[in-house]
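Q: Pasting in a structure now, in structure tokens, and then I'll have a few things to ask.
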Amino acid sequence: MLQVLLALADGEKHGYAIIKEVARRTGGKVVLRAGTLYAVIKRFVDDGLLEESDERPDPALDDERRRYYRLSDRGRKVAVAESERLAATLKQARVKLFGRS
Amino acid sequence: MSLSDRFFRALMRLLPAEFRADYGREMESQFRAEQREAAGVTGMMRLWVATLGDVIRTAPAEHLDILSRDLSYAIRMLARRPALALATVMTLALGIGANTAIFSVVNGVLLSPLPYPDADRLVTIQEDQSDGEPGTTGFFSFDALRSQQQSFDRLAALGGWSAVLRADGQDTERVNGVRVTWEYFRTLGVTPALGRDFEAGDDHPDHRRIVLLSDGLWRRRFNADPGVIGKPISINSVTYTIAGVMPRSLNELVSGRLMPGSEIWTPLGYTTALPPSCRSCRHIQVIGRLRDGVTMEQAQADATRVYQSLARQFPTDYASPAAVLTPIRDRFLGPARPVLMLLWAAVGLLLLMACANIANLLLIRASEREEEVAIRRALGVSPSRLLRQFLTESMVLAVIGGAIGTVLAVWATRVLVANGPDEIPRLQEVSVSGRVLLYAIVSSVITGVIFGMAPARMLLSRVSGGEAAAVLTHATRTTAGPAGWKHRAVLVGINVALSTVLLIGSGLLIRSFVTLLEVDPGFDPHGVLTMEVELSGQQYAELPQIASFYDRLAASLASLPGVTAVGATTNLPLTGSIDQWGITIEGRPNANPAEAPEADRYGVEADYFAAMQVPLLRGRLFTAADGPGAPPVVVIGKTMAERLWPGEDPIGRRITLAGGPNNPPRTIVGVVGDVRHNGLHLPVSYQAYMPQSQSPWLQSSMAMLIRVGDGQDPASLAAAARERLRAIDPQQPIIRMRSYDTIVSTLMATRRFTLVLLAAFAGTALLLAIVGLYGALSYVVTQRQREIGVRVALGADHADIRRLVIVQGLRPVAIGIALGLVIAAAAGQLIATLLYGVTATDAMTYGVTLTAVALSATLACWLPARKAAMMEPAVSLRS
């Protein structure tokens, strides 16, 4: 879930681009499939974390079937909060498991 | 489009339509991109496996998500109108509860499997002497059937047996038993749970003193002690050995229906050399198990062939006999079928009416929601999505109604089982089983779809296309217009039609019931206590001893305070007892004795005719002088006198009742009124009475009849009568003690049961129809307020307005009544077998029903009409 938000952190993307970005970022470990992706997108749109973008890139580059999504302010806040939570967890894990901070 | 793309599109149909509409195109285009990148066959395979897994994981979650949103929305919407929700839920709960309760009876009685393996191969075999009434057969015929037939694996015969059990330190108890040929349980395919079954060697007059016990008797009498096997038991003052105990699960239908309440079995122990095996004696029942591959018709032809060969050998003992085979399911469960099917159909109609009523309520509700629907449509919500939402709402109602209905059904089933007539077999086995619960669930769901669909479709069609905008801009309540009323009028019409059908059905049953109540049984059952006694023991081995016992008992009972007459008889009318014998008239020999007319035979003692109040029409009754040594006499019934001696005086004629050397001709000394012996609804049979002290047959059981004075309850004498019997011989048990009114009322039990239930359903139906009509019309009046205001302003008076509303309401009522009459006439066959004295198309019942429905409907229209007429035009116009 967070991977989708992160994929959109640097700008709006269409669904397939999100999948590509997530795969690239995780070194191919996380490969989202269409059904899963759009179920997540739908929930995030309903919850106000994502917005559908009205702006379209150059028509020459655009496939009109594609819809573009971007992070809303709320989505960005959630992504930041979740990242911080993970960072804190990681920090604790380092102390407990490896004895260093 | 490639094959792979097509598959993907098909796979996407698993996802909710809403989801597909939002993301389907993107998903397809994405899948195409992934296909392009997938290298070779392996790549494609991997892509497909991953995609399949993905959709199969996602689809249920998405459906659940929509459902949970719809549910919470539905609950919010319903909570906003709690009265409507409550009315709907309660109507449904009643409909589903009544349906489930009746179904539990139908299921337990008719649908549950019989307690025998391959029960559909089991048949009863009856002898038909061409008089249209197949009946019992004799041991001689059975023995011939058993040895000559080629169609059955096994045949078995059974006859009644009354067993008085005695044990040290325990009360004497009389139980109903059955005497069976040794193959009886083998034919049925059941084996004892304890001990052993009967063997061929047990079925002999000299060593037949063994018994099998029912599980109930074993638990009650022997505390479920497994050590009873092989122990002696005294029955009718003779020692028997307990051979085994039948399984608990065996609710023995065949014995139980042929010999009600039977709990103990013993071998028949007949041979063809014994007197009761005479060719013309017919008092045993036969069952058989068809051989594999043999049809009913073949077996029936085979058994008939045996009977006909007997008729050729012994032409004076058989008329023209044939065998009648009936599957045991039809024979024993068949009679209950019409009643249960009728009730089931009735509750089915009731549930349909509940649906129509709820649909009507929801239609009114729907018209209030047009705006909401229009807005949601304008926001791009698809019609199928809205339909799903509405159906979820009706499902919520249906599920809650169904749950309450099921609770009601559990209770109602108990009431039905406790109050159902004994004539319905297996009633005690009825329970709310898994199948019954499934039925409740399925009927709730179907109900929800039926009543939810109509309003939802109407709403969607109203706000489809361009109309949505109109609804939004004007926010008009257009459903009050012709289209909205049309939907409701159809529902009102359906309700009226269905309630008319139910009212006619219950009306016909009421008419039958009243007609039956008016049938004169030929005697007066009021104020009579019956006490059935059966003597056992060596001291009652001869006729004079038995006669002396009953004389003393009658004299003792007659001295009880309030008693006006005491009689005794071997054969009680209207109790289902059968004691019919062929009659030979002196000087008129029958060409074939087997074709002789038959009469009910009553051996009577003391003041029988006074106790029963059977009137003497000619001649005299019996006196104390008509004793054992006196010339044999007989008193006959009116119909027998008129038919056998038309235009002549039968007094002084002589007849013989059945054959036999000790059975002398008897002189007719009197003619009495006819008595309905076999049932109030059946024609009168011939009747012959003889003093029991002159009887050629030893019979140890008799029923005492104790008549009390006006205003006294005969049941109040029960304890005193019991004491009088004890004083004479404390060892002799009373088989049964009941008032004659109770006997007559038991006879009517099935009719009363059907009638009460059907009348209750019909009453509820009428109420539903009337409330539905009232609700729909009241709503219309509110909606037409403005129009009515205009009419009044233009000069219409109160009467005009009233007429306007009433005519609008009565139009669907008239169509509904007409439709109801047609359906009732067409469905008449369903009820025909339950009617007596009226036809299924009885004009009076139809007329009364029509009037009742029309009057109630007019009343239901009158109230809204009056309200409309009372409206102030100024207020109406402003609305």
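Q: Please go through segment B:359-388 and pick out each residue that is free of Cβ contacts under 8 Å to residues at least 12 places away in the same chain and not in a helix (DSSP H, G or I). Spell out how you get there, then give the answer.
A: Just the residues of segment B:359-388 that are free of Cβ contacts under 8 Å to residues at least 12 places away in the same chain, to begin with: B:372, B:376, B:379-381.
Result: B:379, B:380, B:381.
Q: Now for a separate question. Starting from segment B:389-415, keep only residues that are within 30 Å of residue B:376 (Cβ to Cβ) and outside the structural domain of residue B:457 (by TED's automatic domain parsing), then list their pairs with residues that are at pLDDT below 85 and surrounded by fewer than 19 Cβ atoms within 10 Å (Cβ to Cβ) whose Cβ atoms are within a distance under 9 Å, requiring at least 6 positions of separation or different chains.
A: none
Q: Oh, and also: Across segment B:51-66, which residue is nearest to residue B:18 (Cα to Cα) among those that are surrounded by 15 or more Cβ atoms within 10 Å (Cβ to Cβ) and within 9 Å of chain A (Cβ to nearest Cβ)?
A: B:62
Q: Counting only residues that are within 21 Å of the chain's Cα centre (by Cα) and free of Cβ contacts under 8 Å to residues at least 24 places away in the same chain, how many does segment B:112-138 have?
A: Going through segment B:112-138 one residue at a time, the tally reaches 1.
Q: Does residue B:865 meet the test of being modelled with pLDDT of 85 or more, farther than 19 Å from residue B:766 by Cβ and not in a helix (DSSP H, G or I)?
A: Working: modelled with pLDDT of 85 or more: yes; farther than 19 Å from residue B:766 by Cβ: yes; not in a helix (DSSP H, G or I): no.
Considered against the rule, which asks whether it is modelled with pLDDT of 85 or more, farther than 19 Å from residue B:766 by Cβ and not in a helix (DSSP H, G or I), residue B:865 comes out as no.
Q: Right, here's the next one. For segment B:756-775, indicate whether the set of residues that are in contact with a Phe, Trp or Tyr (Cβ under 9 Å, 6 or more places away or on another chain) and in contact (Cβ under 8 Å) with a residue 24 or more places away in the chain is non-empty.
A: No.
Q: Restricting attention to segment B:633-646, does a residue exist that is surrounded by fewer than 20 Cβ atoms within 10 Å (Cβ to Cβ) and aromatic (Phe, Trp, Tyr)?
A: yes
Q: Filter segment B:304-339 for residues that are closer than 26 Å to residue B:115 by Cα and either part of a helix (DSSP H, G or I) or without any contact (Cβ under 8 Å) to a residue 40 or more places away in the chain (or both) and give the result. It would help to see each step written out before you state the result.
A: Taking segment B:304-339 as the starting set, the residues that turn out to be closer than 26 Å to residue B:115 by Cα are B:323-339.
Those that are closer than 26 Å to residue B:115 by Cα and either part of a helix (DSSP H, G or I) or without any contact (Cβ under 8 Å) to a residue 40 or more places away in the chain (or both): B:328, B:329, B:330, B:331, B:332, B:333, B:334, B:335, B:336, B:337, B:338, B:339.
Q: Looking at segment B:73-85, which of the residues that are surrounded by 11 or more Cβ atoms within 10 Å (Cβ to Cβ) and farther than 13 Å from residue B:365 by Cβ is farthest from the other protein chains (Cβ to nearest Cβ)? First the steps, then the outcome.
A: Initial filter on segment B:73-85 (surrounded by 11 or more Cβ atoms within 10 Å (Cβ to Cβ)): B:73-75, B:77-78, B:81, B:84-85.
From what's left, farther than 13 Å from residue B:365 by Cβ: B:73, B:75.
Details: B:73: 14, B:75: 20 Å.
Per the stated criteria, the residue is B:75.
Q: Taking helices (runs of 4 or more DSSP H) that do not extend beyond chain A, which have at least 3 residues that are within 14 Å of chain B (Cβ to nearest Cβ) and either crowded, with 19+ Cβ neighbours inside 10 Å or modelled with pLDDT under 85 (or both)? Working first, answer last.
A: Numbers: elements: A:2-7, A:15-25, A:34-47, A:73-93.
In chain A, A:15-25, A:34-47 are the helices (runs of 4 or more DSSP H) which contain 3 or more residues that are within 14 Å of chain B (Cβ to nearest Cβ) and either crowded, with 19+ Cβ neighbours inside 10 Å or modelled with pLDDT under 85 (or both).
Q: Residue B:119 passes all but one of (1) small (Gly, Ala, Ser); (2) closer than 24 Å to residue B:249 by Cα; (3) assigned by TED's automatic domain parsing to the domain that holds residue B:184; which number fails?
A: For residue B:119, the exception is condition (3).
Q: Here is a list: B:536, B:556. Which entry is among the small types (Gly, Ala, Ser) and either under 31 Å from the mean Cα position of the chain (by Cα) or part of a loop (DSSP other than H, G, I, E, B) (or both)? Spell out how you get there, then give the answer.
A: Details: B:556 fails: either under 31 Å from the mean Cα position of the chain (by Cα) or part of a loop (DSSP other than H, G, I, E, B) (or both).
Checking each option against the conditions leaves just B:536.
Q: Kindly list the number of the only condition in (1) more than 30 Å from residue B:791 (Cβ to Cβ); (2) out of contact with any Lys or Arg (no Cβ under 9 Å at 6 or more places or on another chain) that fails for residue B:871.
A: (1)
Q: Which of the helices (runs of 4 or more DSSP H) found entirely inside segment B:692-797 contain at least 2 residues meeting this: among the basic types (Lys, Arg)?
A: Working: elements: B:718-728, B:740-747, B:749-783, B:785-793.
Because the criterion is at least 2 residues that are among the basic types (Lys, Arg), the helices (runs of 4 or more DSSP H) in segment B:692-797 that meet it are B:718-728, B:749-783, B:785-793.
Q: With the checklist (1) farther than 18 Å from residue B:723 by Cβ; (2) in the same structural domain as residue B:699 (by TED's automatic domain parsing); (3) assigned to a loop (DSSP other than H, G, I, E, B) in hand, flag the one item residue B:522 doesn't pass.
A: Looking at each condition in turn, residue B:522 falls short on (2).
Q: Additional query: Exactly one condition in (1) in contact (Cβ under 8 Å) with a residue 12 or more places away in the chain; (2) surrounded by 15 or more Cβ atoms within 10 Å (Cβ to Cβ) is false for residue B:271; which is it?
A: That leaves (2) as the condition not met.
Q: I'd like the full set of residues that are within 9 Å of chain A (Cβ to nearest Cβ) and more than 13 Å from residue A:35 (Cβ to Cβ), limited to segment B:20-46.
A: Correct list: B:25, B:29, B:33.
Q: Looking at (1) more than 30 Å from residue B:764 (Cα to Cα); (2) in contact (Cβ under 8 Å) with a residue 40 or more places away in the chain; (3) polar (S, T, N, Q), find the lone condition where residue B:107 falls short.
A: The failed condition is (1).
Q: For segment B:436-449, which residues satisfy the criterion of being closer than 10 Å to residue B:100 by Cα, surrounded by 14 or more Cβ atoms within 10 Å (Cβ to Cβ) and of a type outside the set (S, T, N, Q)?
A: B:436, B:437, B:439, B:440, B:441
Q: Scan segment B:823-865 for residues that are crowded, with 17+ Cβ neighbours inside 10 Å and farther than 24 Å from residue B:514 by Cα and jot them down.
A: Of everything in segment B:823-865, those that are crowded, with 17+ Cβ neighbours inside 10 Å and farther than 24 Å from residue B:514 by Cα turn out to be B:856, B:857, B:860, B:861, B:864, B:865.
Quick grid of which residues meet (1) in a loop (DSSP other than H, G, I, E, B); (2) small (Gly, Ala, Ser); (3) at positive phi:
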| site | (1), (2), (3) |
| --- | --- |
| B:604 | no, no, no |
| B:611 | no, yes, no |
| B:614 | yes, no, no |
| B:627 | yes, yes, no |
| B:640 | no, no, no |
| B:646 | yes, no, no |
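Q: May I ask you to verify whether residue B:11 is part of a helix (DSSP H, G or I) and farther than 28 Å from residue B:381 by Cα? I'd like the intermediate steps shown before the answer.
A: Working: part of a helix (DSSP H, G or I): yes; farther than 28 Å from residue B:381 by Cα: no.
So residue B:11 fails the test.
Q: Of the numbered conditions (1) out of contact with any helix residue (DSSP H, G or I) (no Cβ under 6 Å at 6 or more places or on another chain); (2) more than 11 Å from chain A (Cβ to nearest Cβ); (3) within 21 Å of residue A:42 (Cα to Cα), residue B:17 fails exactly one; give the number of that condition.
A: Condition not satisfied by residue B:17: (1).
Table: residues versus (1) over 22 Å from residue B:753 (Cα atoms); (2) assigned to a loop (DSSP other than H, G, I, E, B); (3) of a type in the set (Asp, Glu).
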site	(1), (2), (3)
B:404	yes, no, no
B:408	no, no, no
B:413	no, no, no
B:424	no, yes, no
B:432	no, yes, no
B:436	no, no, no
B:442	yes, no, no
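Q: Among the residues in segment B:16-28, are any loosely packed, with under 14 Cβ neighbours inside 10 Å and either of a type in the set (Lys, Arg) or in contact with a Lys or Arg (Cβ under 7 Å, 6 or more places away or on another chain) (or both)?
A: Checked against the condition, which is being loosely packed, with under 14 Cβ neighbours inside 10 Å and either of a type in the set (Lys, Arg) or in contact with a Lys or Arg (Cβ under 7 Å, 6 or more places away or on another chain) (or both), segment B:16-28 yields no hits at all.
Q: Next question, about the same structure. Out of (1) surrounded by 19 or more Cβ atoms within 10 Å (Cβ to Cβ); (2) farther than 18 Å from residue B:140 by Cβ, what's the single condition that is false for residue B:303?
A: Against the list (1) surrounded by 19 or more Cβ atoms within 10 Å (Cβ to Cβ); (2) farther than 18 Å from residue B:140 by Cβ, residue B:303 comes up short only on (2).
The values are calculated or read from the model by the stated rules, or taken from the named source; none is laboratory data. The structure displayed is predicted, hence computed values, not measured ones. Here Cβ is always computed from backbone atoms with ideal geometry, including for glycine, and neighbour counts include all displayed protein chains.
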